[in-house]
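Asker: Below you'll find the structure I mean.
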Amino acid sequence: QTAALETKYRNEVDLAMSLYAADKLPDAVVTTYGSKSGSTVKITCCIGRCSLNLSNYWAGLWRSHWVLEFAEGSKSGKLSGTVRSNVHYFEDGNVQLDDGTKFACELKFSKGVGESMAAQVMEYEMEFNAGMEDIYVSMSEQVLQGLRRRLPVTRVKFDWDNKASVHKLASDLRGH
């Protein structure tokens, strides 16, 4: 019977978190685990999504890990989690933004275990995402230009595709 309760809670959380992820992170992978020790139920849910757009020179990764612990039959539990995001832009140089944060709260099961957890996770992840949006908005063009490689002193980009230019550069460097 205790395994059945653990499975019931795990399935409830998995369904709610999968619905949340399908709505907010299409094509994300959701994995949910459950365990029970004495009267304490522990549900762990991981969400991950990787997006690649190589033709536009960017890639992104979203990972979150959530743990809900509660006593069997209680109306609340402890929710804790981490969110990590990595964005990589690599046209004419490399610019990366890697950020993450932790969350924790006492969660009341007003809508049932799964729905309550998914609602709180959505609130935390949207809060994190809004913070990321603020970073993007506040970054001025000067900040982004400061992160990129500057032109050489000649103010002309070197043409690495021109074999004669590369050979001349190599010869000049060998002579010095």
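The values are calculated or read from the model by the stated rules, or taken from the named source; none is laboratory data. The model shown is predicted, which means the values in this text are computed figures rather than measured ones. When we count neighbours, we look across all protein chains shown, and the Cβ atoms used for this are built from the backbone with ideal geometry, even at glycine. Note: accessible area is taken over every heavy atom of the protein model, side chains too, but ligands, DNA and RNA are not part of it. Shrake-Rupley method; radii C 1.70, N 1.55, O 1.52, S 1.80 Å.
Asker: What's the total number of residues in region 77-103 that are polar (S, T, N, Q) and either open to solvent by 70 Å² or more (accessible area, probe 1.4 Å) or not in a strand (DSSP E or B) (or both)?
Answerer: Residues flagged as polar (S, T, N, Q) and either open to solvent by 70 Å² or more (accessible area, probe 1.4 Å) or not in a strand (DSSP E or B) (or both) within region 77-103 amount to 2.
Asker: Still on this structure, please answer the following. I want to confirm something. Restricting to region 104-125 and keeping residues that are assigned to a strand (DSSP E or B) and in contact with a Lys or Arg (Cβ under 9 Å, 6 or more places away or on another chain), which single residue is modelled with the lowest pLDDT?
Answerer: Here the answer is 110.
Asker: So, one more: Identify, from the list 106, 125, 69, the residue that is touching a residue at least 40 places away in the same chain (Cβ under 8 Å) and either open to solvent by 20 Å² or more (accessible area, probe 1.4 Å) or of a type outside the set (Phe, Trp, Tyr) (or both).
Answerer: Of the residues listed, the single one that is touching a residue at least 40 places away in the same chain (Cβ under 8 Å) and either open to solvent by 20 Å² or more (accessible area, probe 1.4 Å) or of a type outside the set (Phe, Trp, Tyr) (or both) is 125.
Asker: Check 51, 55 and return the single one that is at pLDDT below 90, closer than 25 Å to residue 98 by Cβ and either open to solvent by 70 Å² or more (accessible area, probe 1.4 Å) or not in a helix (DSSP H, G or I) (or both). Break it down stepwise before answering.
Answerer: On the way: 51 fails: at pLDDT below 90.
Being at pLDDT below 90, closer than 25 Å to residue 98 by Cβ and either open to solvent by 70 Å² or more (accessible area, probe 1.4 Å) or not in a helix (DSSP H, G or I) (or both) holds for just one of 51, 55, which is 55.
Asker: Inside region 1-44, can you point out the residues that are open to solvent by less than 60 Å² (accessible area, probe 1.4 Å), polar (S, T, N, Q) and assigned to a helix (DSSP H, G or I)?
Answerer: 18 - this is the single residue of region 1-44 that is open to solvent by less than 60 Å² (accessible area, probe 1.4 Å), polar (S, T, N, Q) and assigned to a helix (DSSP H, G or I).
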